[in-house]
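Participant: The structure that follows is given in the form of structure tokens.
The values are calculated or read from the model by the stated rules, or taken from the named source; none is laboratory data. Note that the structure is predicted; figures quoted are calculated from it, not measured. Cβ: placed from backbone, ideal geometry, glycine included. Neighbour counts: every protein chain shown.
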Amino acid sequence: MDDDLLLDDILDDEPQALPAATQARPKKDMSFFQQLPVQVTLELASAEMSLGELTTLGEGDVITLDRMVGEPLDLRVNGALLGRAEVVEVNGRYGVRLLEVENTQLSAGIDG
């Protein structure tokens, strides 16, 4: 039983220093990434239908969507959900007001 690892042996061992690969590294300048363009979209709602149903649609037909009027809309950045928003008017143009922001790590590691 000398070769077996016992719980007492583990508990008696002194904590070992972390290998160099897992130790904290100096932060890198990430300002370059803050200049990269991203596509921001507002997703109103959606509907699922068969191709057959789609081909029978004509001018004036109505498609019922999966979201209620007044519900917050999905705000996406490059397709990934950023949060929920509502439509507002800004100087005669559409804008969005953020209502909720998803728990995201978009800013992790970026020096601000």
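Participant: From the list GLN105, GLN16, exactly one residue is exposed (fewer than 10 other Cβ atoms within 10 Å of the Cβ), modelled with pLDDT under 90, part of a loop (DSSP other than H, G, I, E, B) and under 23 Å from the mean Cα position of the chain (by Cα). Which is it?
Facilitator: Details: GLN16 fails: under 23 Å from the mean Cα position of the chain (by Cα).
Sole residue among the options that is exposed (fewer than 10 other Cβ atoms within 10 Å of the Cβ), modelled with pLDDT under 90, part of a loop (DSSP other than H, G, I, E, B) and under 23 Å from the mean Cα position of the chain (by Cα): GLN105.
Participant: Which of (1) in a helix (DSSP H, G or I); (2) at pLDDT 95 or above; (3) surrounded by fewer than 10 Cβ atoms within 10 Å (Cβ to Cβ) is the odd one out, the single condition VAL62 does not satisfy?
Facilitator: Unmet for VAL62, out of (1) in a helix (DSSP H, G or I); (2) at pLDDT 95 or above; (3) surrounded by fewer than 10 Cβ atoms within 10 Å (Cβ to Cβ): (1).
Participant: Would you say GLY83 is loosely packed, with under 10 Cβ neighbours inside 10 Å and modelled with pLDDT of 90 or more? Please lay out each step first, then the result.
Facilitator: Details: loosely packed, with under 10 Cβ neighbours inside 10 Å: no; modelled with pLDDT of 90 or more: yes.
It is false that GLY83 is loosely packed, with under 10 Cβ neighbours inside 10 Å and modelled with pLDDT of 90 or more.
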